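Before any comments, here is the structure.
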Number of protein chains: 2
Amino acid sequence: MTLQTESLLDSIQAAETLEAFQTATEDLRDALAVKHVVYHWVNSIGERFGAGTYSSDWVDRYLEKDYLRLDPVIFGCFQRFTPVNWKQLDWSSKGAKAMFLDALDYGLGNQGYTIPIRGPNGQFALFTLNADMDDDKWDAFIDKHGRELVLLGHEFNRKALEFEQGKETVAAPTLSPREQAAMTAMAKGYSRAQAAADLGISEHTLRVYIEAARHKLGALNTTHAVARALSSGLIIV
Amino acid sequence: MTLQTESLLDSIQAAETLEAFQTATEDLRDALAVKHVVYHWVNSIGERFGAGTYSSDWVDRYLEKDYLRLDPVIFGCFQRFTPVNWKQLDWSSKGAKAMFLDALDYGLGNQGYTIPIRGPNGQFALFTLNADMDDDKWDAFIDKHGRELVLLGHEFNRKALEFEQGKETVAAPTLSPREQAAMTAMAKGYSRAQAAADLGISEHTLRVYIEAARHKLGALNTTHAVARALSSGLIIV
DNA sequence: GCCAGCCTCGCTATTTTTGGGGAGGGTATA
DNA sequence: TATACCCTCCCCAAAAATAGCGAGGCTGGC
């Protein structure tokens, strides 16, 4: 790891504001001499958070044309665990080709490398480098920096999660052991009768736990409670 | 990054057999002069895969006593994105304390550092270092190697996924858009009537989606289906 | 053209879950 | 020694989910 990478990691870690976060992507772009560096995160509700050096024109264009749905990069990253080199993806579909040409028009380079990053609760983020060079140079570049990029991507993600969590500060409730067990049994698909038998208690007692958990979790029904318990990491199936 | 780390990464990457994978954990243990190095993976269906230097006695003990359910390390990693230093966890519960002492009896060191790793389809893996040293030394150790450990953990995970995919893993079912929407609505705690109204369809139609998703997911009831969809990463709430 | 898969809607009846109301004993913490 | 929280059990009535039987139209691939 070069000293440069170390100091970039430190500067990301030290970022206290979104501006500093944004600056870090720009610094990284300059340090690596690439065209673009982008960190980007989307959840199911459509909330997004991101920073990077793409022009706002391109971002708008991307959203307007709903490229998210046909972008081979997104698709590839969803399926893989490992980083994706754009040129190894399948760009054969008509929509994908059009998108690629469009991207070049909007100032993107022809080469790209995107690292998928996953976090708790199904969080999914992308860390992308984009540059303009021929294949050989690009391969050498990736070969040289690939591992450090993984670290940088994770550091961006860690910081992004920090910003997001700072917004909400929802105190996660705690479940008593029996409540946990009850929720776990529900998550396993047991009926109340089965679950009660499994725990060696009466069905009525089991119900009390489920209701307690429901209330603690602020859930509307059992399914909701299980969903919340799961995505808060309170239970593991 | 030290040359040593580079060569370890390369040796993991080069591993062709489970034996080589196992050897890599042992090499890493020796290189870092720690007591244990463990890579461990569990998916939503409960399939397991792991390699490491824990004694089989301890692994058996862990499973037998169902420590998975009360291990603060597991709990901490599920909730966090970042690595966890064992000593910063909450070991105050009786069960956790007993487990910790038990672990020492079985040859584990008093310090630990575990990196959570997440992949596609809700895959969740842990990469753990365990050692016997005082707090100051351990902190210095983590400070020095933390970032490289993230890389090593990911490399182990990449390799593990390779092995798993080689043996034809259980194909994760795919949900149609409407089925996804129905599952998401259920996970949000909507009643069928509410969910149907939300999707602008009849309650009966909604039911068809829910049942289809249940069958695809091999679930016993709606709660079970939602739990599976969530932990497979098919839906995000 | 056919088949598979998706999307949409209807009916009836049974089983299960939920929402209220209770009660008593235990343990731990303040 | 209170107070809080956890564990356990019970009844009743209403709401919701499940199981089974149907139907037709649409798309996209072989």
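Some points to look at:
- For A:ARG228, the conditions (1) of a type outside the set (S, T, N, Q); (2) under 23 Å from B:GLN79 (Cα atoms); (3) within 12 Å of DNA strand C (Cβ to nearest atom) all hold with the exception of (3).
- Lone unmet requirement of (1) without any contact (Cβ under 8 Å) to a residue 60 or more places away in the chain; (2) farther than 30 Å from B:ASN157 by Cα for A:LEU18: (1)
- Test result for A:THR205, facing chain B (nearest Cβ under 10 Å), near DNA strand D (Cβ under 8 Å from one of its atoms) and either among the aromatic types (Phe, Trp, Tyr) or free of Cβ contacts under 8 Å to residues at least 40 places away in the same chain (or both): no
- Residues satisfying the stated conditions in segment A:177-199, i.e. within 7 Å of DNA strand D (Cβ to nearest atom) and farther than 22 Å from B:SER231 by Cα: A:LEU199
- Of everything listed in (1) within 13 Å of DNA strand D (Cβ to nearest atom); (2) within 13 Å of A:LEU175 (Cα to Cα); (3) assigned to a helix (DSSP H, G or I), the single unmet condition for A:LEU234 is (3).
Conditions (1) surrounded by fewer than 19 Cβ atoms within 10 Å (Cβ to Cβ); (2) more than 8 Å from every other protein chain (Cβ to nearest Cβ), marked per residue:
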| residue | (1), (2) |
| --- | --- |
| A:PHE127 | no, yes |
| A:ASN157 | no, no |
| A:GLU211 | yes, yes |
| A:LEU220 | yes, no |
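- Note on segment A:49-106: residues that are surrounded by 18 or more Cβ atoms within 10 Å (Cβ to Cβ) and charged (D, E, K, R) amount to 1.
- Subset of segment A:183-202 (residues that are away from chain B (no Cβ under 12 Å), among the hydrophobic types (A, V, I, L, M, F, W, C) and either surrounded by 15 or more Cβ atoms within 10 Å (Cβ to Cβ) or more than 8 Å from DNA strand C (Cβ to nearest atom) (or both)): A:ALA196, A:ALA197, A:LEU199, A:ILE201
- When residues of segment A:222-231 are limited to those that are hydrophobic (A, V, I, L, M, F, W, C) and either touching a Ser or Thr at 6+ places or on another chain (Cβ under 8 Å) or more than 12 Å from chain B (Cβ to nearest Cβ) (or both), the one farthest from DNA strand D (Cβ to nearest atom): A:LEU230
- Taking each residue of segment B:172-201 that is touching a residue at least 12 places away in the same chain (Cβ under 8 Å) and looking for partners that are surrounded by fewer than 16 Cβ atoms within 10 Å (Cβ to Cβ) and among the basic types (Lys, Arg) with beta-carbon atoms closer than 6 Å, six or more apart or interchain, yields nothing.
- A:LEU104 vs. criteria of a type in the set (A, V, I, L, M), in the same structural domain as A:ALA31 (by TED's automatic domain parsing), without any contact (Cβ under 8 Å) to a residue 40 or more places away in the chain and at negative phi: yes
- For segment B:203-224, the set of residues classified as in contact with a Gly (Cβ under 9 Å, 6 or more places away or on another chain) and either near DNA strand C (Cβ under 8 Å from one of its atoms) or among the basic types (Lys, Arg) (or both) consists of B:ASN221, B:THR223, listed by residue number.
The values are calculated or read from the model by the stated rules, or taken from the named source; none is laboratory data. Note that the structure is predicted; figures quoted are calculated from it, not measured. Every residue, glycine as well, gets a Cβ built from its backbone with ideal geometry; the counts of neighbours run over all protein chains shown.
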